[in-house]
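Undergrad: So that we are looking at the same thing, I have put the structure below in structure tokens.
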Amino acid sequence: MFNLFKSRKRERLRAEPFPDEWRRTIERNVPIVRRLPPADVQELFGHVQVFLAEKHFEGCGGLELTDEIRVTIATQACLLLLHRDTDYYPKLTSILVYPSTYVVPGEHDIGGGVWEESDVPHLGHTQDNLSALVLAWDSTLHGARGIDDGENLVFHEFAHQLDFESGDVNGTPPLESSRQYASWARVLGAEFEALRRASESGDSSVLDDYGAENPAEFFAVATEAFFERPVELRARHAALYAELRAFYRQDPAAW
Ligand SMILES: [Zn+2]
């Protein structure tokens, strides 16, 4: 009953007229949207309405939240949801936005097994047991406006949220069939190992080195490349591209 209520409410939200001001913000800040087929843009705008109605945004570190900030983040987050049945990042409640790089108290390995307590600068963060996602607004905007550099903070952090939906943090979002799980594990496993080797030997890749950290980061980094460097990714990592295309049900190389 509740789900029926929720899905009707979402249907109504998706059908609401999309504010012109939001449209202009997207035009200015999220230029990747210009590449989408018109039907996808309509679907995306509908998702943005639901996302903005359901998620709580909070400005941190003195940042005053505006519709520009909310819409710029929501549009990128919702681009990852097209063409699938989606529950709109069900594990996520709040999005916290800092003006710029923020520091998190932490420990880091300074070598020889010695750990030092210090503040670690962050651009963005989310984790499985936290219903929040944190973003630095300047990096968010930079990632949104630069659409061919393979770097997009919002795609990265929201790909982690998709990964969490499967219940494990292992770089595998919920997939359709056991066959798809098998080919995902085979292809992404091999690509992850290849990126580790490339990163150790200093070879460059379409995929950011950070993806060599672990399979969860690999999926997040691969998502950034899939949407922002799709032609190169398809040319150099055809099998990986095909897995991501099947999961995201989108073909950015053809846009
Ligand atoms: Zn990450």
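The values are calculated or read from the model by the stated rules, or taken from the named source; none is laboratory data. Being a predicted model, the structure only gives us computed values, none of them experimental. Positions of Cβ are generated from backbone atoms using ideal geometry, with glycine treated the same way; all protein chains shown enter the neighbour counts. With ligands, DNA and RNA removed, areas are computed over all heavy atoms of the protein, side chains included. Shrake-Rupley method; radii C 1.70, N 1.55, O 1.52, S 1.80 Å.
Undergrad: Does residue 225 count as hydrophobic (A, V, I, L, M, F, W, C), part of a helix (DSSP H, G or I) and more than 24 Å from residue 146 (Cβ to Cβ)? It would help to see each step written out before you state the result.
TA: Numbers: hydrophobic (A, V, I, L, M, F, W, C): yes; part of a helix (DSSP H, G or I): yes; more than 24 Å from residue 146 (Cβ to Cβ): no.
Here the answer is no, as residue 225 does not meet what is asked.
Undergrad: A further question follows. Going by the conditions given, is residue 215 within 16 Å of the ligand (Cβ to nearest atom) and either open to solvent by 30 Å² or more (accessible area, probe 1.4 Å) or over 24 Å from residue 90 (Cβ atoms) (or both)? Show your work before the answer.
TA: On the way: within 16 Å of the ligand (Cβ to nearest atom): yes; either open to solvent by 30 Å² or more (accessible area, probe 1.4 Å) or over 24 Å from residue 90 (Cβ atoms) (or both): yes.
When the stated conditions are applied, residue 215 passes them.
Undergrad: Working carefully through the options 68, 64, 27, find the one that is in contact (Cβ under 8 Å) with a residue 40 or more places away in the chain and among the acidic types (Asp, Glu).
TA: Values: 64 fails: in contact (Cβ under 8 Å) with a residue 40 or more places away in the chain; 27 fails: in contact (Cβ under 8 Å) with a residue 40 or more places away in the chain.
Of 68, 64, 27, the one residue that is in contact (Cβ under 8 Å) with a residue 40 or more places away in the chain and among the acidic types (Asp, Glu) is 68.
Undergrad: I've got another one for you. Kindly provide the set of residues from the range 11-20 that are out of contact with any His (no Cβ under 9 Å at 6 or more places or on another chain), surrounded by 11 or more Cβ atoms within 10 Å (Cβ to Cβ) and not aromatic (Phe, Trp, Tyr), ordered by number.
TA: Step one: filter the range 11-20 for residues out of contact with any His (no Cβ under 9 Å at 6 or more places or on another chain), giving 11-13, 15-20.
When the remaining residues are screened for being surrounded by 11 or more Cβ atoms within 10 Å (Cβ to Cβ), the result is 11-13, 16, 18-19.
Across the range 11-20, the qualifying residues are 11, 12, 13, 16, 19.
Undergrad: Something else about it: Could you please find all residues in the range 88-124 being modelled with pLDDT of 95 or more and either of a type in the set (Asp, Glu) or not in a loop (DSSP other than H, G, I, E, B) (or both)?
TA: 94, 95, 96, 97, 98
Undergrad: How many residues, within the range 245-255, are part of a helix (DSSP H, G or I) and either within 16 Å of the ligand (Cβ to nearest atom) or more than 21 Å from residue 189 (Cβ to Cβ) (or both)?
TA: Going through the range 245-255, the residues part of a helix (DSSP H, G or I) turn out to be 245-248, 252-254.
Those still in the list that are either within 16 Å of the ligand (Cβ to nearest atom) or more than 21 Å from residue 189 (Cβ to Cβ) (or both) too: 252-254.
Adding up the residues that qualify gives 3.
Undergrad: Tell me which helices (runs of 4 or more DSSP H) are completely within the range 129-208 and hold 3 or more residues being within 16 Å of the ligand (Cβ to nearest atom), surrounded by fewer than 14 Cβ atoms within 10 Å (Cβ to Cβ) and at pLDDT 95 or above, or say none if there are none.
TA: Those helices (runs of 4 or more DSSP H) do not exist here; none qualify.
Undergrad: Further, regarding this structure: Might you check whether a residue that is buried (at least 16 other Cβ atoms within 10 Å of the Cβ), within 16 Å of the ligand (Cβ to nearest atom) and not in a helix (DSSP H, G or I) occurs anywhere in the range 61-80?
TA: yes
Undergrad: Return yes or no: is residue 114 loosely packed, with under 14 Cβ neighbours inside 10 Å, within 15 Å of the ligand (Cβ to nearest atom) and more than 17 Å from the chain's Cα centre (by Cα)? Before the answer, list the steps.
TA: Values: loosely packed, with under 14 Cβ neighbours inside 10 Å: yes; within 15 Å of the ligand (Cβ to nearest atom): no; more than 17 Å from the chain's Cα centre (by Cα): yes.
Considered against the rule, which asks whether it is loosely packed, with under 14 Cβ neighbours inside 10 Å, within 15 Å of the ligand (Cβ to nearest atom) and more than 17 Å from the chain's Cα centre (by Cα), residue 114 comes out as no.
Undergrad: If you go through the range 89-110, how many residues are touching a residue at least 60 places away in the same chain (Cβ under 8 Å) and charged (D, E, K, R)? Quick ask: steps written out before the conclusion?
TA: Our first condition is that a residue be touching a residue at least 60 places away in the same chain (Cβ under 8 Å); within the range 89-110, this holds for 89-92.
Imposing the further condition that a residue be charged (D, E, K, R) reduces the set to 91.
The number of residues fulfilling the criteria is 1.
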